């Protein structure tokens, strides 16, 4: 068998596998899950806020009462009753339309993959906020697309920057297939696209003939206001909407959806059937039953208060302990804070010291397709208890202070990245033994 000594199958793999790498988040799981580590890394919902006894009884009744149906194969598009319930969920953000244009997916990650398979050829351009959701970047990379980032600020995607990017691409003879955006409580940046910018983005999409893929898993998890109108509510012909029950019910059920223009829906169903034949039937019945029989809107309010308390703990701890030169976003919903380190520091290089200090975060470079984000990192506040969050920030602040001191010691007022890297832990070094 030909190949190389490390992988005898290397010459047999498809070209699209060459750029595949493990995500920054999954790479942390082995150490971040240890009890002595305060993990501010993964965006794992606080499922203990669910009434597990009620949910368990409901799910058990599905099998005892209708097992022959809920454990059988289902439709490739998803069960009609669930698609009707999904329309009720989206109505909270002003979305109207037909359940016939909803495609149920295995989480919104499959939805990203379906959209990529339907629209992207190798070398096609995808526009995405900088930074952007790592799972989306992985889907676009697997499709061999070229991701071009568009800057954000505290009010989300910047319309002028989007137009500048579109004009540059036009001058280069390139066309973007679509804009991928997370408008509400952005992952990883935590910011929300301002209401007055939403029609501006859609106007640019119309003028430049650009599709918009709106990924909105956090839209109902705002802390201080009702949900903002979705981009899809403003344009049902140009916006493809992705949703998920992972943040508002249970991520382990892996139930998401796409709402697409009718012609696109047909293509999505065909590709989904080729992938999975049909999304898991039992899981769909579980979500449909939950939406039909449980006070799910009230449960979303419970989640909002839980995450608000944790957000407050994180922001208060950052204010109290982070050294001068650090800055961070102040989200009003969702799961994440985006922190920028002082000039000269590198969150990826700093990561092994953080793990030695028993605190985990995600370096910002993993949220870009082009190597940006060295000074940035994502902090997640959704899972740890407030006191654990405060302790994690205290540990992180100590690591940042140590990095500042080391950099000053080795470099003084002037230095080079090469010198700094020689005196810092390697970004590729194995994680510490925390046992």
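Quick notes on this one:
- Checking each residue in segment 173-191 for being surrounded by 24 or more Cβ atoms within 10 Å (Cβ to Cβ) and assigned to a loop (DSSP other than H, G, I, E, B) picks out 182, 183, 184, 185, 186, 187, 188, 189, 190, 191.
- Residues in segment 123-139 that are part of a loop (DSSP other than H, G, I, E, B) and free of Cβ contacts under 8 Å to residues at least 60 places away in the same chain: 123, 124.
- Positions within segment 70-97 being loosely packed, with under 13 Cβ neighbours inside 10 Å and in contact (Cβ under 8 Å) with a residue 40 or more places away in the chain, in sequence order: 72, 73, 96
- Filter result for residue 349 (in a strand (DSSP E or B) and either surrounded by 17 or more Cβ atoms within 10 Å (Cβ to Cβ) or not assigned by TED's automatic domain parsing to the domain that holds residue 391 (or both)): no
- If you go through segment 305-317 and keep only what is touching a strand residue (DSSP E or B) at 6+ places or on another chain (Cβ under 8 Å) and surrounded by fewer than 20 Cβ atoms within 10 Å (Cβ to Cβ), you end up with just 315.
- Filtered by the rule that a residue be crowded, with 19+ Cβ neighbours inside 10 Å and either assigned to a loop (DSSP other than H, G, I, E, B) or in the same structural domain as residue 328 (by TED's automatic domain parsing) (or both), segment 140-151 gives 143, 145.
- Test result for residue 339, closer than 30 Å to residue 387 by Cα, without any contact (Cβ under 8 Å) to a residue 40 or more places away in the chain, under 21 Å from the mean Cα position of the chain (by Cα) and not in a loop (DSSP other than H, G, I, E, B): no
- The number of residues in segment 152-172 that are part of a loop (DSSP other than H, G, I, E, B) and buried (at least 16 other Cβ atoms within 10 Å of the Cβ) comes to 1.
- Pick from segment 111-132, criterion surrounded by fewer than 24 Cβ atoms within 10 Å (Cβ to Cβ) and within 16 Å of the chain's Cα centre (by Cα), ranking: farthest from residue 267 (Cα to Cα): 130
- Lone unmet requirement of (1) within 24 Å of the chain's Cα centre (by Cα); (2) within 29 Å of residue 159 (Cα to Cα); (3) in contact (Cβ under 8 Å) with a residue 40 or more places away in the chain for residue 239: (3)
The values are calculated or read from the model by the stated rules, or taken from the named source; none is laboratory data. As the structure is a computational prediction, the values presented were derived from the model and not from experiment. Heads up, the Cβs are rebuilt from the backbone with ideal geometry, glycines too, and the neighbour counts pull from every protein chain shown.
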